[in-house]
Amino acid sequence: MTSFSIHGVGVSSGIAIGQAHLVSNALLEVVHYQLPKHLIDDEIKRFSNAIAAVKQDLEQIKLSLRSNAPAELGAFIGTHLMMLADRSLSEIPKDIIRNEQCNAEWAIKLQMDDIVEQFELIEDEYLRERKQDVIQVVERVLKVLLGHASQLSNKQQNSVINTERKLILVAHDISPADAIQFKQHQFAAFITDVGGVTSHTAILARSLNIPSIVALQRARDLINDGELIIVDGSLGVVIVSPSKEILAEYKLRQEQWELEQQKLQRIKSTKAVTMDGIHIELFANIEVPEDVTAAKSSGATGIGLYRTEFLFMNRRDMPDEEEQFVAYKSVAEAMKGAVVIIRTLDLGADKQMNPDTVSNCANPALGLRAIRLCLSEPKIFHTQLRALLRASHFGNIKILIPMLSTLGELRQTKLLLERAKQSLRKQGIAFNETIALGGMIEVPAAAINADAFAKELDFLSIGTNDLIQYTLAIDRTDDAVAHLYNPLHPSVLKLLSMTIKAAEKLGKSVSVCGEMAGDAKFTKLLIGMGLRQLSMHPSHVLNVKQRILHSQLSLLNSNARKILALTDLDKIEPMVTKFNQH
Ligand code: PEP
Ligand code: MG
C-alpha cells in the first residue's frame, strides 16, 4: 500500500497511531423514490419511529454523561434534542412524504436543505454555524432510517474496549453526541473532512483533549476502513499507511510527546529566561476570540498575532464594526492589560471568505491579498480600523499590518488610520491615541528594506510562513513542493537577520509570529540571532519555553553567527542539529 499524507487544520495536539474506523456519511446515501399511495401511512410511521429512536438515543447519551464531561457536551445534546422535537424536523417531513409521495429519507433531507438555507441567511456567525447541528441531527435520523442505527453500536463499542487496537475515527463530520461516545470508549483521535475553527467539532476536539484534525476535505474518501494511520494533531497532518521507518519514528515521537506533556506542565508559570538571565517574551497566536482560553492556559504572556480574517470567513456578508469591536474587545479584556497584537485583515490567496470561492487570478498568493486588498477596499478597512481603535480603549491592543512591501502602502495605511481616529474623535468615542502600529515582514522586499520600515513603524513582526514562501518561490499550500520549503535556507536566515538588526538599530521591538517561532528546533537559533519575542500556537509555548530555560545566550550568539556565515543548506541543517544538543 502506498503511503501518503493529508493536511488539514490541527485543532487538538498530540500524536495518535491506529486503525482508521470510517463513519459513514448517511447524507450521501440518501436516494429518492416514489411510493404508492397505500404505503404512505407506513412510511410516515417508519419516519416517526426513527425520530423516536433518535430521541431515545440522545436521552440515553445525556443520562450517561459522566459528571466530569465538559459542560459544552451536555448543552450540545440538549440543543440536538430540542431541534429533534421541533415541528420543522419532526412534523413537516411527514407532510412532505404525504404530498410528494416520497420516501422518508428524501423528505427529511429536503426539509434539512430548507432549514440550512434559512440558517445561512443569519448574520451572526455563531448562530449561522449552528446549521451544522441541524445536519448532525438529520444524519442521526437518516442512519436509523437507512438501517445503520449508530456507528457506535454496542458490538463496535465492545470491540473498542476489548482489544488493544487503537481506533481513529475518520468521518465527514462528527456530531457532539458521537464525540461523547468516542471519549467514553477511548478512541485515540478523530479526523474530519469538514469543520471550521468555530465549528462544534473543533470546540469539542479541544475540550476532549484527544488529537484531532478537521478540514481534511477528502480524508473520508481517501482512507480505507482498517488502514493504519498516524494523526499528528499538532501539525495537522495525517499519514496514511506509513512505512515501517515513519511508523517507528512516530511511535517514538508519541512516547516522547506524552512524557514531555506531563513534565512540561511544571514550567507553566515559570518565566521564560535563559540560563544567563535573558528574558524571552512568549506570546500566543490566535484565530478566534475563544482561543484566548488556550492561550492563557499555555502560559503565554500576551497575544502576538490575532488573525482577524477568520471573523470574515464562511459567510456572505462582512462583519460590521460592532461585531468586530465586540470580538477585539473581548480578547483585549480577557488578556487583562497584557499585549494583544491584532493583525488587520489578511484575506486573499488561500484565505478566501468562502471556502468554495476559487480565485480566478493565475497567482493568487501574488495578488490582491492582505494590505493590498484593504487599501483597495478602504470602506472595509475603515470599518476594521474603527473597531480596532474602539477596542483599544479596553486593553493593550497594538495593530499589525500584513504583507507590506512598499513604504507607500504603509503611509497610506497611516493616513487611513488617522482618518479612522478623526472620525472617532468627532463622535467623542474613546480610543488609545498612541496605539502602536507594527508591520509584518513577510515579503522579501520588506525584509531587504527593513531599516526603512523600522523607522516608520513602532514594531516589526516577521511572518516566516510567507517570507519562506516568497523567498524560495514555494507555494506554502502546494504539497508537491513542500519538501523544498525550508526555514533554514541561507537566504531566509539572511533576511531574518537583516530584519532583526534593522529593528535593533532603531530600538524597535521585533518578533517572529510564523510557524518557525513555535518549532522548538529553531528556538536557540532565533534567540541567538537576537530575537526576544516569539509568538506561536498555544500548544507550542511550553516546548519553546523549555528550550529557553536550557539555553545560554553567549553560546547561542556565537552558534548563530557560525550558522549565518554558511551559504549551503546541507551544511546548515546538521549544524543546527548539533547546536541544539548543547
Ligand atoms: C506568516 O506568514 O508567517 C504569518 C504569521 O501569517 P499567515 O500564516 O497568517 O500568513
Ligand atoms: Mg503571512
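Taken together, the values in this text are just the output of simple stated rules run on the coordinates, not laboratory data. If you're wondering where the values come from, they're calculated on a predicted model, not measured in any experiment. Here the Cβ positions follow ideal geometry from the backbone for every residue, glycine too, while neighbour counts run over all protein chains shown.
Computed values, structure above
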read-out	value
Straight-distance crosslink candidates among aspartates and glutamates, where the alpha carbon sits under 13 Å from K45 and sequence neighbours closer than 8 are dropped	E91, D95, E105
Relative contact order, percent, the stretch 26-145 [alpha-carbon distance under 8 Å, six or more residues apart]	39
Highest average packing first - 500-506, 305-311, Cβ atoms within 10 Å	305-311, 500-506
Relative contact order computed over the chain (Cα-Cα under 8 Å; 6+ residues apart), in percent	14
Sum of side-chain charges, I40 neighbourhood, beta-carbon under 13 Å (Lys, Arg +1; Asp, Glu -1)	0
Flagged links, alpha-carbon separation over 32 Å, of K62/K263; K55/K336; K494/K578; K251/K329; K398/K494; K131/K263	K62/K263; K55/K336; K251/K329; K131/K263
Descending semi-axes in Å of the stretch 32-140, equivalent ellipsoid built from Cα gyration tensor	28, 19, 8
Residue-averaged [θ]222 nm for the chain, counting only DSSP H segments that reach four residues, each worth -39500 (n - 2.57)	-15000 deg cm²/dmol
Residues whose placed amide H lies under 5 Å from that of V288, excluding near-sequence neighbours	none
Under the Debye formula (equal points on every Cα, no solvent term), log10 I(q)/I(0) of the stretch 484-582 at q = 0.25 Å⁻¹	-1.55
Segments 223-232, 421-430 sorted - mean Cβ within 10 Å per residue, highest first	223-232, 421-430
Least to most buried among S392, S234, S535, S554 (fewest other Cβ within 10 Å first)	S554, S234, S392, S535
Globularity index of the chain, i.e. its alpha-carbon radius of gyration over 2.2 N^0.38 Å	1.05
Computed lengthening from S558 to A85, 0.36 nm per intervening residue step minus Cα-Cα distance	163.4 nm
Per-pair calculated FRET efficiency, R0 = 51 Å: E321 and N99 via Cβ, rounded to 0.05	0.65
Under 14 Å, Cβ to Cβ, from E281 - net charge with Lys/Arg +1 and Asp/Glu -1	+4
Peptide ranges 508-518, 116-126, 42-52 listed from the most packed, as the mean C-beta count within 10 angstrom indicates	508-518, 42-52, 116-126
Charge sum, other residues only, whose C-beta stays under 12 Å from E249's C-beta, Lys/Arg counted +1 and Asp/Glu -1	0
For the stretch 273-548, fraction of C-alpha pairs farther apart than 34 Å, in %	14
The stretch 74-131 - percent relative contact order, Cα under 8 Å, separation 6 or more	21
Distance (nanometres) between label positions extended 7 Å along Cα→Cβ at H7 and A75	3.4
